[in-house]
Amino acid sequence: MSDQADGAAAELGTRAVSNVLFIFGARVVSRVLSLVVVVVLATALGDTNYGRYTTLIAYLALVSVIADLGFNPLYTREAARNRQALGDYLGTLLVLKLALAVAASVVLAVALVFGAGLGSLILPGAALLVATAYANLLRNTFYAVGRAEFDAIAIIAEIVIQGGLIFYGARHNAGVSFYVWAYAASFVFTIAYSLVVIRVFHLGRVRLGFDVNLVRRWFPLALPFAFTFFLTNLYFRADVPILQHFRSFAEVGWYTFAYKPFEALQFIPLAIQVVVYPLLGVYFVADISQLKLAYARFFKVLLLLGWPLTVGTFVLVHPIGRLFRLFPQSEASLRILAIAIVFLFANSAFYAMLNATNRQHLNAWATGLAAAINIALNLIFIPFYGYLAASATTVVTEASLCIFGWWFIQRNRPELRLPVINLSWRILLAGAAMGVVLYPLSRFSIFISLPAGGLAYLVAIYLIRAIDPEEWRLARQGVLSRLRRSRAA
């Protein structure tokens with residue numbers, strides 16, 4: 001096992017930086033196009049029907065844990081550590097997913113009828129649930145073997161399919177169910193594409209079957225992942241059902257439309273996390289010193305990207321609102337949500353580390369505590385302050401999760417203590433300098449203010465020396481290695 005882990009660490013380590021850049025590029029393109037598609041969708045549906053659509057998505061996210069039960073992240077970790085068994089793992093999980101997806105669909109139907117009054121959306125909602133469950137399992141194979149470029153292609157294809165169908169629906173005044181079917185169709189493509197790629201490029205020989213012993217062995221290991229996944233969705237999505245219960249679907253639409261730019265930014269830490277997470281898992285069993293170094297650099301990269309987005313979104317909320325044609329009531333919500341962006345990014349480092357070091361149960365505890373804070377605050381304040389209370393509660397929840405995650409990682413493992421202040425202060429200072437530059441420019445077009453702010457941030461990063469020479473060298477090495485492999489291919 002040690003030899004296998006050392007070999008996997010070497011291979012994944014050499015690919016980590018280039019894979020991050022590759023998948024990050026695909027996610028940027030995808031999210032930009034996705035935001036355009038969401039604007040078209042929200043405009044076509046209006047605030048009330050858009051509120052119905054996003055309420056369905058919230059219930060679907062809460063129920064989706066049943067279709068996964070934590071096996072997806074466990075599969076990624078174990079397949080990365082033991083590449084030879086990948087086909088056996090995947091074959092069993094493909095069969096298991098069928099039973100889980102059926103159970104999840106039944107629960108979704110009950111929730112839509114009795115919880116939201118959206119019984120007409122049961123069939124398309126179930127189709128989207130099942131398609132998403134299989135697509136996410138299969139695409140995890142690409143990250144387990146360090147071939148993120150294959151998922152990058154799937155990401156772009158998905159948004160092209162979604163965009164084409166949604167533009168068609170908007171021109172023909174389609175109802176909510178049409179758009180749900182459109183998203184389901186894009187994930188059906190990903191399922192077919194992933195199966196073909198796995199076979200053609202020999203990423204693993206899938207042996208369809210059901211290994212009862214494997215499921216029994218993995219089930220207790222997967223449950224903490226499942227619990228954490230459910231609690232994460234609970235604190236991300238519980239505000240929508242609560243808001244819908246106390247306020248109108250229109251107010252749900254105002255909040256969820258503001259939430260879209262905030263939520264869209266989540267792809268950045270997730271794109272990095274899915275590449276770095278297998279590497280952290282392998283380093284944990286192969287080299288603790290490398291694990292500690294990778295953890296610190298992972299956190300620093302997330303802060304470098306998240307902090308300027310917090311500052312920029314807060315200062316430029318009006319130009320952003322005009323750009324995305326937000327509902328007028330949505331801008332106040334987005335300004336509050338901007339404060340949570342930096343915490344959203346940092347949480348990926350803590351989440352990945354707890355899972356990679358076989359302490360997913362502590363991740364579940366951290367997420368559970370944050371979810372309890374979220375639900376309690378939403379129940380107290382949403383009846384009085386509506387969607388603005390939901391926005392503020394999101395900020396408190398993300399900050400709380402950061403604190404819990406940071407604490408649990410170092411609990412009983414002092415060698416993994418993260419020096420947050422030493423890693424952060426230069427980056428925070430550079431972001432503050434960017435904010436000073438952006439403030440007087442906020443009255444102008446975002447196409448003027450945004451490049452000026454970005455340039456100011458980069459100059460400040462360089463002058464303050466927020467990135468050390470070794471980190472610059474690793475970034476250049478990752479880009480050059482990707483270019484060399486592309487030429488060789």
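Observations on the model:
- A cut-off under 13 angstrom between Cβ atoms defines the neighbours of Arg417, and their net charge, with Lys, Arg +1 and Asp, Glu -1, is +2.
- Across the accessible surface of the range 211-348, with the other protein chains kept in place and a 1.4 Å probe, carbon and sulfur atoms take up 67 percent.
- Were the residues from Phe178 through Val200 laid out at 0.36 nm apart, the gain over their Cα-Cα distance would be 4.6 nm.
- Between Arg413 and Val36, the simple spin-label model (points 7 angstrom out along Cα→Cβ) gives 4.3 nm.
- Where labels lie 7 Å past Cα in the beta-carbon direction, separation of Ser120 and Gln290 in nm: 5.7 nm
- Across Ile380, Ile198, the residue with the most accessible area heads the list, and the full order at a 1.4 Å probe is Ile380, Ile198.
- Scanning the chain for long hydrophobic helices, with DSSP H runs required to stretch 20 angstrom or more by C-alpha along their axis and to average at least 0.5 on the Kyte-Doolittle scale, returns 2-63, 86-111, 122-144, 148-171, 176-200, 212-237, 267-286, 288-315, 341-356, 360-410, 420-441, 446-464.
- Projecting the Cα atoms of Tyr168, Ala192, Gly146 onto the charge dipole of the range 139-213 (Cβ charges, centred on the Cα centre) puts Ala192 farthest toward the positive pole.
- Accessible surface of Ser442, taken over heavy atoms with a 1.4 Å probe and every protein chain present, rounds to 30 Å².
- The range 232-257 versus the range 28-54: alpha-carbon centroid distance in Å: 16 Å
- Accessible solvent surface per residue of the range 93-184, calculated while the other protein chains remain in place, 1.4 angstrom probe, Å²: 37 Å²
- Estimated 222 nm signal from helices in the chain, with DSSP H stretches of n ≥ 4 weighted -39500 (n - 2.57), rounded to 500: -29500 deg cm²/dmol
- Around Val206: net Lys/Arg minus Asp/Glu count, Cβ-Cβ under 15 Å: +4
- The region of the chain that goes longest without hitting one of the trypsin sites (Lys or Arg not before Pro) in a DSSP loop, each with at most 16 other Cβ atoms within 10 Å, is 1-204.
- Given +1 at the Cβ of Lys and Arg, -1 at the Cβ of Asp and Glu and no other charges, the dipole of the range 110-208 around its Cα centre is 260 debye to the nearest 20.
- Rounded to the nearest 20 debye, the dipole magnitude of the range 184-271 is 440 debye, with +1 charges on Lys and Arg beta carbons, -1 on Asp and Glu beta carbons, and the Cα centre as origin.
The values are calculated or read from the model by the stated rules, or taken from the named source; none is laboratory data. What you see is a predicted model, and the numbers here were worked out from it, not measured in a lab. Note: ideal-geometry Cβ built from the backbone for every residue, glycine included; neighbour counts use all protein chains shown. Quick note on the areas: whole protein, heavy atoms, side chains included, nothing else; ligands and nucleic acids left out. Shrake-Rupley method; radii C 1.70, N 1.55, O 1.52, S 1.80 Å.
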